[in-house]
Amino acid sequence: MHRFIPVACLLLAGCASSHRTTAPTDAAHVVSLTSLPPLTSLTAVGGVKLEALFLVRHDGSVEDVRLLESSGDLGWDHTAADSLRRWKFALPSSEGSRQSQWVRTTLIVQVQDPVVMTLGELTAGSRDEADSLYALLNDGADFTALAKEAHRGIANQCGWFLGTINIARYPRHIRDALRRLAVNDITPPLQTDSHFTIFKRLEPVPQ
């Protein structure tokens, strides 16, 4: 029976997720993921530990990836590497070079039950814009009203109702922030790809 790694997809059954175990705060870190392939009978027992080298361009996209050892299933390794090439990183703010650089990371792929939340989001194109939105929300501005206004094209912002989703689709730093949310709470601005996003946990949608 295959188990799936729902990094960028939605699943209803018990599933697996991947997370980084070596991510210093001043190092490059993952901000956008794509799903890994189904675990096979050779990889599913005990999960999978991957040591990977990413060649990351200055814009955070992946130029190349190398798995430093096999999961035990060469076909799974090949498909996983194809997925990892579509990941995106945020490089340290002090990094001035526009040349590609190698980033080494360890990922643990484990079978986990899904964590499902109903979420809304506000996304800004810069940290300053996101901080301004966050300050407005903390001063009592209505999240839904800001999202509707932003969605009409105000500045470089956008916002909408995401719906009920499995948070395994997000990188670990976002999943950790979302798990701490009570209903109607918001996160501080979180870097997602080249943007900064504020999430709000909403009341579950009635079935």
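What is the packing order of peptides 60-70, 74-84, 135-145, 115-125, taking the mean over residues of other C-beta atoms within 10 Å and listing the highest first?
Ranked by mean Cβ neighbours within 10 Å, highest first: 115-125, 74-84, 60-70, 135-145.
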Study note, to complete from the structure: With 0.36 nm assigned to each residue of separation and the Cα-Cα distance removed, Thr40 to Leu74 gains 11.1 nm
Review point. So what is the relative contact order of region 116-201, in percent, for Cα pairs below 8 Å that sit 6 or more residues apart?
Key: 44 percent
**Study point:** Stretchable slack from Glu149 to Trp102, in nm (0.36 nm times residue separation minus alpha-carbon distance)
**Key:** 12.9 nm
Exercise for review: Please list, or write none, the lysines whose alpha carbon is within less than 17 Å of the alpha carbon of Lys200, excluding same-chain residues fewer than 8 places away.
Suggested key: Lys148
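Within a Cβ distance under 12 Å of Ala135, other residues only, what is the Lys/Arg minus Asp/Glu net charge? Kindly include the intermediate steps, with their values, before the conclusion.
Numbers: positive: none; negative: Asp128, Glu129, Asp131, Asp139.
With Lys, Arg at +1 and Asp, Glu at -1, the net is -4.
Any read-out appearing in this document is the output of simple, stated calculations on the displayed coordinates, not a laboratory observation. Everything numeric here is computed off the predicted structure, so don't read it as measured data. We place every Cβ from the backbone using ideal geometry, glycine too, and count neighbours over all the protein chains shown.
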